[in-house]
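Right, one structure below, let's go through it.
Just so it is clear, none of the values below were taken in a lab; they were calculated from the coordinates. From a predicted model like this one, the values you see are computed outputs, not experimental measurements. We place every Cβ from the backbone using ideal geometry, glycine too, and count neighbours over all the protein chains shown.
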Amino acid sequence: MSLHDQDDPALRAAQEQRLREVWAPPKGLFLRWTDTNNNQVGNWYVLTAFAFMLFAGVLALIMRTQLAVPDNDLVGPGTFNQLFTLHGSVMMFLFAVPMFEAVSIILLPQLLGARDLPFPRLSAFGYWSFLLGGVFVSGSIFFDAAPDGGWFMYPPLTTRTDLSGLGADIWMLGLSFIEVSSVAAAVELIVGVLKCRPPGMRLNLMPLYAWYILVVAVMILFAFPPLIAGDVLFEMERLLDWPFFDASRGGDPLLWQHLFWIFGHPEVYIVFLPSIALFAMLVPTFARRHLLGYPWIVLAAVGTAFLSFGLWVHHMFATGLPKISLGFFSAASEAVAIPTAVQIFVFIVTLWAGRVVWSTPLLYATGSLAIFVIGGLTGVMVALAPFDWQAHDTYFVVAHLHYVLIGGTLMPLFAGLYYYWPLVTGKKLSDRLGRTAFWLIFVGANLCFFPMHLSGLEGMPRRVFTYPADLGLGGLNLASTIGSFVIAAGVAVIVLDLARSPWRPRSPRNPWQAGTLEWLAHPEDENWGIRSIPLIESRYPIWDQEDFVRKVDEGRYFLPDAEEGRRETIITSVLDARPVSVIRLGAPSWKPMLTALALGGVFILTTYHLYWPALLSGAATLAMVLWWLWTGTAEIPEKPCKPIGHGMELPLYISGSASPGWWAMFITMMADATAFSGLVFGYFFFWTRHEAFPPPEMASAPGMVWPLSALALGLAGWLATIAAREVHARGGVGMARILLLFGLATSIAGVPAGLSGPWFSGMDPTAHSYPAIVWTLAIWTCLHAAVAAIMLAYVLARSLAGRMTPSHDADIRNVAVYMHFFALTAVVAYATIGLFPEVA
Amino acid sequence: MSDKRRKWHERLQVTLWTLIVPPTVWAVHFLFAYLWAAVSCAKTGFFAEFPTLFTAGTVLALATISLSGWIAHRQTRLRGDPPPHERGTDIDRLRFLAKSTLLLAGLSFVGVLFTALPVVFIGDCR
């Protein structure tokens with residue numbers, strides 16, 4: 001098709017009709033929930049996260065009311081414990097992180113000129129997991145069964161079943177389930193940013209929001225898995241009495257603190273960076289100029305991401321670690337102020353150099369920066385160990401973290417809400433109500449949280465349900481309570497503004513006259529995302545590229561049609577965004593929702609110790625996943641290539657490292673390997689905490705023979721898979737099948753071999769932390785061997801069914817990636833449990 | 001400019017992986033410092049004052065970061081398209097990645113120095 005063809009209005013109308021049909025959302029009371037399009041799923045995601053925020057806000061108001069006056073008895077200590085635990089957990093796990101994922105699912109395809117993200121069904125699966133897990137965790141408070149150990153759930157209080165009830169299990173299992181959805185979102189967003197950019201959008205032309213999202217999604221991969229590892233150990237102790245955190249049997253509660261905060265501190269930046277990313281989009285719009293210092297923002301995002309993993313011990317300054325260790329973390333905590341400040345200066349300089357339009361979103365942005373900077377400065381204070389020892393566990397810390405999170409997450413999100421509402425709904429929000437809400441929230445936040453610095457320094461500990469009048473803290477607390485209700489009034493004004501939106505007139509297209517791609521969206525929103533996928537030559541194409549909007553709208557760029565009636569988008573190369581292929585995207589389906597339900601069953605049934613139904617649910621999950629993969633992935637297209645316009649033809653099938661599926665597997669396995677390294681860290685942590693580890697009476701267990709046999713079997717499976725991949729690519733289908741069968745057999749044999757070591761040496765996992773951690777490493781590795789066997793069987797079946805051929809071999813290439821990681825896991829695990837006792 | 005006329009450091013491939021070399025060196029140095037102090041304090045109860053191994057590791061880290069920064073610096077000065085170097089060309093993409101790497105090298109250099117300070121000033125396991 002040449003440019004000339006698109007001059008024909010009839011052709012354009014026919015193309016639009018085809019696109020409209022292909023991208024039409026499913027209709028009907030039930031069927032509409034099967035949608036997977038990023039616009040719908042993103043909206044559900046945002047609304048659900050917003051609802052959780054309001055819920056957690058109400059919990060906070062109850063707490064503040066209880067604390068308004070000394071010796072109050074509105075709620076008892078037990079309820080108060082549930083309130084603050086749930087407030088923190090919901091705000092972090094059910095609002096801040098999911099909200100970033102939700103906003104990105106809506107914005108990212110628009111920013112990248114893609115029709116959708118590469119795995120729309122995965123987004124839908126993530127959403128349903130989030131909804132189910134979130135309702136399960138939040139709902140517990142209505143049954144007086146909410147977690148009550150604080151949002152960081154320190155053992156031994158929380159692992160001893162006589163001290164804490166079902167709430168701890170609900171927290172652990174419910175939130176583990178949500179962590180799964182976060183990792184799913186990270187996979188989706190990383191592959192989206194790296195592979196779904198429009199042609200020409202090289203790394204240096206990428207919108208900064210996409211840079212931030214890439215960085216944050218990578219952070220999720222390294223931050224969430226240690227918590228998942230911690231959750232595994234935690235539930236093993238609660239459900240099976242394996243003493244990881246029980247000091248009387250060789251465990252150590254500090255291990256939990258390490259694993260939690262290796263997650264917990266990067267988490268702060270995981271919720272901060274995407275919010276600040278919204279500024280990187282709206283500041284240039286309202287400064288009416290390009291953002292200055294583009295590489296400086298990349299420095300800030302990447303630098304913060306790295307440094308944030310060197311901060312976790314600053315939450316543990318009061319635990320008695322050697323001062324030299326505290327020094328390292330204190331130093332890194334001070335260093336992270338540098339990149340954080342850099343991005344704030346970039347925004348200030350851009351505004352300074354521009355012609356500023358004082359819009360409501362910009363008001364929120366500047367106000368939130370002011371609040372954030374105060375939180376940042378108290379952060380520099382508590383990063384100094386001697387000061388922290390005084391302020392630890394007081395209201396000073398409460399003040400610090402709320403300044404950071406309100407200035408760094410909540411208010412930027414409101415800025416984004418006012419900025420992007422016209423993009424999503426086609427209607428602007430009210431400037432009058434928005435500004436009223438801003439001033440209420442700004443004044444309220446300072447009135448609520450500033451006095452907490454003082455009450456904290458005067459000695460008010462956090463997490464107490466009341467305090468005596470003699471302490472003289474009544475006035476400060478009353479001020480905080482009044483402030484909290486002023487914030488709530490501001491949020492109520494925003495809710496009112498949102499509720500009135502459906503009756504407002506439509507705003508024009510691109511109402512802020514922004515320059516970035518997402519503003520191509522029409523007020524009369526078409527579901528197809530973008531009419532044609534443009535060629536990008538500037539960071540602000542709407543401002544800089546001639547006739548850009550018209551050319552996109554008239555389908556003069558790439559992929560303006562859906563001739564085969566399939567949802568499609570373009571895959572490009574990582575560095576320079578050269579077109580690589582066209583991929584077919586998943587259409588609406590029940591599978592994501594049903595899979596989420598089945599997986600939710602595993603976690604929820606385990607909470608109530610219903611192990612057989614949970615196992616059944618696990619089997620159902622596996623069956624669902626296999627069905628999903630079999631019917632929805634690595635489909636052999638009806639023709640090898642298709643034209644995308646301008647004389648270009650792209651393949652419809654790719655495999656290996658150019659394909660999104662390969663990247664998804666690689667990224668998922670990075671997360672998996674990180675979780676595993678959390679468990680290995682546990683082993684060596686115990687070693688440092690004991691005079692002799694393994695304990696002398698168990699030094700001969702599990703021996704060398706079984707672990708090394710299991711290792712040999714694992715490596716044999718790995719080599720067989722690689723050989724099969726290579727032989728298969730050269731056309732040796734029969735030989736490849738035999739090799740796969742061999743790999744399958746060794747992987748299956750690896751399971752009993754791996755478990756035999758601890759089993760035959762009679763290791764009792766409830767006796768001591770040593771047998772417990774050895775069993776855990778062995779079980780983890782054997783589970784991976786079992787999954788390897790399932791994958792190899794799947795590939796074999798695909799080959800036999802004719803769904804995998806030498807020229808269409810994505811399945812075996814993706815499984816080979818899994819096998820690389822499996823081999824690495826086997827080497828580390830079996831060397832640790834089999835060989836380390838010999839040298840320790 | 002043809003490949004022949006470019007010096008070796010100008011011909012190096014620049015990717016997302018080279019971008020993260022300096023902060024990765026910081027991370028490795030940090031982990032090394034933390035684990036080494038934690039293990040020697042836990043296992044021997046003592047931590048040699050200003051030990052040679054730590055100094056060598058720190059110097060190595062600083063040298064690696066400096067080298068990476070120097071290469072990046074040279075690459076940001078490659079001649080090609082006119083300023084402000086914000087276009088979708090090979091040379092502007094290269095200059096952008098090089099500039100970002102240079103900035104990260106600066107931050108990582110400071111980060112490594114920060115990590116070294118506790119060893120200088122504390123030096124034992126109290």
Considering Cα pairs under 8 angstrom that are at least six residues apart, work out the relative contact order of segment A:423-550 and quote it in whole percent. 35 percent
Segment A:572-592 to segment A:322-346: how many Å between their Cα centroids? 39 Å
Helical segments meeting 27 Å axial Cα length and Kyte-Doolittle 1.6 threshold in chain A (DSSP H): A:208-240, A:360-382
Would you mind ranking A:395, A:154, A:294 by Cβ crowding within 10 Å, fewest neighbours first? A:154, A:294, A:395
Dipole of the protein assembly as shown (Lys/Arg Cβ +1, Asp/Glu Cβ -1, origin at the Cα centre): which of A:377, A:585, A:575 lies farthest to the positive side? A:575
Search the structure for amide H atoms under 5 Å from the amide H of residue A:571, placed 1.01 Å from N in the peptide plane, and list their residues when 5 or more places away or on another chain. A:580, A:581, A:582, A:583
If you place +1 on the Cβ of every Lys and Arg, -1 on the Cβ of every Asp and Glu, and leave all else neutral, what size is the dipole of segment A:140-205 about its Cα centre, to the nearest 20 Debye? 620 debye
Formal net charge of residues neighbouring residue A:503 (Cβ-Cβ distance under 14 Å; K, R +1; D, E -1): +4
Mean residue ellipticity at 222 nm from the helices of the protein assembly as shown, using -39,500 (n - 2.57) per DSSP H segment of n ≥ 4 over the full residue count, to the nearest 500 deg cm²/dmol? -22000 deg cm²/dmol
Per the Cauchy relation, a quarter of the hull surface: what is the mean projected area of the convex hull of the alpha carbons in the protein assembly as shown, in nm²? 39.5 nm²
For each of A:340, B:52, count neighbouring Cβ atoms within 10 Å of the residue's Cβ, then give the residues from fewest to most. B:52, A:340
Taking segment A:715-754, which trypsin sites (Lys or Arg not before Pro) meet the DSSP loop condition and have no more than 12 other C-beta atoms within 10 Å? A:730
Assuming R0 = 41 Å, what is the FRET efficiency of residue B:126 and residue A:163, from their Cβ-Cβ distance, to the nearest 0.05? 0.80
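From the mean inverse distance of alpha carbon pairs (Kirkwood) and the Cα radius of gyration, derive Rg over Rh for segment A:781-840. Could the numbers behind the result be given before it?
Details: Rg = 15.4 Å, Rh = 13.0 Å.
Using Cα coordinates only, the ratio equals 1.19.
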Close lysine pairs (the protein assembly as shown; alpha-carbon distance under 28 Å; 8 or more apart or on separate chains) counted at 15
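Please report the net charge: other residues with Cβ closer than 11 Å to the Cβ of residue A:166, K and R +1, D and E -1. Don't jump to the answer; show the numbers that get you there.
Values: positive: A:238; negative: A:144, A:148, A:169.
Within the 11 Å Cβ shell, the charges total -2.
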For segment A:213-302, alpha-carbon Rg and Dmax in angstrom: 19.5, 64
Take residue A:390 and residue B:79, extend 7 Å from each Cα along the Cα→Cβ direction, and tell me the distance between the two endpoints in nm. 6.0 nm
Listed residue (A:452, A:727, A:676) projecting farthest to the positive dipole end of chain A, Cβ model: A:727
With a cut-off of 8 Å between alpha carbons and a minimum separation of six or more residues, what is the relative contact order of segment A:40-503 in percent? 16 percent
Taking the Cα-to-Cβ direction at residue A:249 and at residue A:546 and moving 7 Å from each Cα, how far apart do the two end points lie in nm? 7.7 nm
Please state the relative contact order of segment A:528-668 as a whole percent: Cα pairs under 8 Å, 6+ residues apart? 20 percent
Pick out, from A:711, A:286, A:540, the residue whose Cα sits farthest towards the positive end of the charge dipole of the protein assembly as shown, with +1 on the Cβ of Lys and Arg and -1 on the Cβ of Asp and Glu. A:540
Cα centroid of segment B:108-126 to Cα centroid of segment A:769-840, whole Å: 40 Å
When each pair of different Cα atoms in segment A:611-755 is counted once in the 1/r mean, what is the Kirkwood radius in angstroms, to one decimal? 19.9 Å
For chain B, count the residues as N, evaluate 2.2 N^0.38 Å, and divide the Cα radius of gyration by that value, please. 1.36
I'd like the isolated cysteines in the protein assembly as shown, meaning no second cysteine's beta-carbon lies under 4.7 angstrom from theirs. A:196, A:448, A:641, A:782
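Quote the charge dipole size of the protein assembly as shown about the Cα centre in Debye, to the nearest 20; the model charges only the Cβ of Lys and Arg (+1) and of Asp and Glu (-1). List each step's numbers first, then the result.
On the way: 61 positive and 64 negative charges, 502 e Å.
With only Lys, Arg, Asp and Glu charged at Cβ, the dipole is about 2420 debye.
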